[in-house]
Every structure is written in C-alpha cells, then in structure tokens.
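Below: one structure in structure tokens.
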Amino acid sequence: MIEGKSILLVEDDANLGFVIKDSLVDASAKVMLAKDGVAGFEAFYDGKFDICILDVMLPKKDGFTLAKDIRKINLDVPILFLTAKSMVADKVVGFGAGADDYMTKPFAFEELLARINAILRRSTKKLVDEVKGKELFELANTNFDYRNLKLTSNGSVSELTKKEAELLRLLFIHQNNVLEREIALKLVWGENDYFLGRSMDVFISRLRKYLSPDTSIKIENVHGVGFRLTYV
C-alpha cells in the first residue's frame, strides 16, 4: 500500500527523522523530510503528498498549528501525529486539528507502517489533482478565484497577476493569523531578501486597493513579522 506513495515527514529530532525517512524509503515510499513547522508548511504548499506525518513539538510552528494550516488547503490528505505526549487532552487537540491517527513515542516502525497503510486504505476521497489544492475563497462580499486570477470585491472585479494571486491566496489561507514575510517571500518569489521584501510591500498595497470596495476585509501590517488578513 505504501509503495510509491509520497509522504511529508515533519520531525525536528534529526536522528529520529532520518531513521523514519530511511525506513519509509526502504519500504519504497517517497519521503520529504522537514525539520520545523514553517519548513513543513512550505513543503506541503509546494508539493503533492499522499499522507503527512507530523511531530507535535516542532520549532517555529507546532504540529497542531501546521495541521490546521494544511487543512485550510486540503481537507482530504491524511495526517498522522507522532508525539511524546500521551495525555487524552493532547490527543483530543490533535484530532481537532485534523488528525486521522496519533502515535506516541517511542514506537516500533512496524506499527507505524501498519498505521500508515490502514490510514491510506480508509481514505476514500482522492487527493486533489492540483498541486496546491484549494482555489476558491469566499469571505463577506468578496470572492477570490485563484485559478482564474479573479477577485470580486463587493461587485468590483479585479484581474490579478500570478504573483498577486499567489500572495492573496496565502493571506486567505492564513485568515486572521499572521502570514510571516519569510514564508510569503519563499513561496511566491522563491527566496527571501531585502529587495524582494520591498517588492512584496508594493504587492500588498495593490491587494489592499483591490479589496477596498469590501470594507469588512483588511490586510494589517504586523510590525517586524508579516501581514494578517482580517474580517470584521
């Protein structure tokens, strides 16, 4: 069942991460290993995976938050948590974040493999064919069609460039949460530097103008961190 499957593994313990990755590769899976929550989100956004295996205690973005961000893009991809926590309350939080299963460390690889195969068998919905998942967003009097690069704000229609659409999609995915400048620059422009950051500020100004007919939606500056799309 696991043969040929594409797996996103997010684990900050270098030794454990490499052991799990090597074992999954030996089982004929294709594995992307990320070492923190931000890198995990970037990998998921840019890739197409059959299942995600997430540690909970991750730097930069914890596993529960990462799972919620993944669910904003794709409701169907299976998620399995790996964690040292065994409290019932933590498991409840994990399932609430969108988990399909939950394993407590330490564990035997044979059990991990069996759980992955079981999850894949239970998954009745096909993963979306598009690399990046969700493409239609609705909020208040605003509709955003990512695929067709079209934004309708309170009846006013704007045709977006590809980069404008990419940036706006990230803002919608992170609605009411901070979109870090680093993530936006890497995902939209491919790298993070000062001059590209200035360019992104110009794009944010354009998006504010496009959204202005719908006064209930704002793009806020979060000083030194990034931006937040809010609805009031």
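The values are calculated or read from the model by the stated rules, or taken from the named source; none is laboratory data. These figures come from a predicted structure and were not determined experimentally. Counting neighbours? That spans all protein chains shown, and the Cβs are built from the backbone with ideal geometry, glycine included.
Against the condition within 20 Å of the chain's Cα centre (by Cα), charged (D, E, K, R) and outside the structural domain of L168 (by TED's automatic domain parsing), how does K30 come out, does it pass?
Judged against the criteria, K30 is a match.
Output the residues belonging to segment 180-205 that are out of contact with any Leu (no Cβ under 8 Å at 6 or more places or on another chain), of a type in the set (D, E, K, R) and under 27 Å from F44 (Cβ atoms).
Passing the criteria: E180, R181, E182, K186, D201.
Can you tell me which residue within segment 1-35, out of those that are out of contact with any Gly (no Cβ under 8 Å at 6 or more places or on another chain) and of a type in the set (D, E), is surrounded by the most Cβ atoms within 10 Å (Cβ to Cβ)?
Applying the filter and picking the extreme gives D12.
Output the qualifying pairs, or none if there are none: Cβ atoms under 6 angstrom, residues six or more apart or on different chains, first residue in segment 97-119 and among the hydroxyl-bearing types (S, T, Y), second residue part of a helix (DSSP H, G or I) and surrounded by 19 or more Cβ atoms within 10 Å (Cβ to Cβ).
Sorted first by the residue in segment 97-119, then by its partner, the pairs are Y102/G94.
Turning to a different aspect of this structure: Could you please let me know if M1 is part of a loop (DSSP other than H, G, I, E, B) and of a type in the set (A, V, I, L, M)?
Answer is yes for this residue.
Quick check on D76: is it in contact with a strand residue (DSSP E or B) (Cβ under 9 Å, 6 or more places away or on another chain) and touching a residue at least 24 places away in the same chain (Cβ under 8 Å)?
Spelling it out, it is not the case that D76 is in contact with a strand residue (DSSP E or B) (Cβ under 9 Å, 6 or more places away or on another chain) and touching a residue at least 24 places away in the same chain (Cβ under 8 Å).
Anything in segment 26-43 that is in contact with a strand residue (DSSP E or B) (Cβ under 6 Å, 6 or more places away or on another chain) and either more than 22 Å from I183 (Cα to Cα) or part of a helix (DSSP H, G or I) (or both)? List them, or say none.
A29, K30, G40, A43 - these are the residues of segment 26-43 that are in contact with a strand residue (DSSP E or B) (Cβ under 6 Å, 6 or more places away or on another chain) and either more than 22 Å from I183 (Cα to Cα) or part of a helix (DSSP H, G or I) (or both).
If you don't mind, another one. Tell me, yes or no, whether segment 33-51 has at least one residue that is more than 25 Å from V188 (Cβ to Cβ) and aromatic (F, W, Y).
no
Also: Of the conditions (1) surrounded by fewer than 17 Cβ atoms within 10 Å (Cβ to Cβ); (2) closer than 22 Å to Q175 by Cβ, I70 fails just one. Which one is it?
The single condition I70 does not satisfy is (1).
With segment 49-142 as the region, which helices (runs of 4 or more DSSP H) entirely inside it contain at least 2 residues that are over 19 Å from the mean Cα position of the chain (by Cα) and at pLDDT below 85?
Details: elements: 63-73, 88-96, 109-122.
Counting at least 2 such residues, we get 88-96, 109-122.
Under 9 Å by Cβ, and 6 or more places apart or on different chains, what pairs join a residue from segment 197-221 that is under 13 Å from L171 (Cα atoms) with one that is part of a helix (DSSP H, G or I) and of a type in the set (F, W, Y)?
M200/W189
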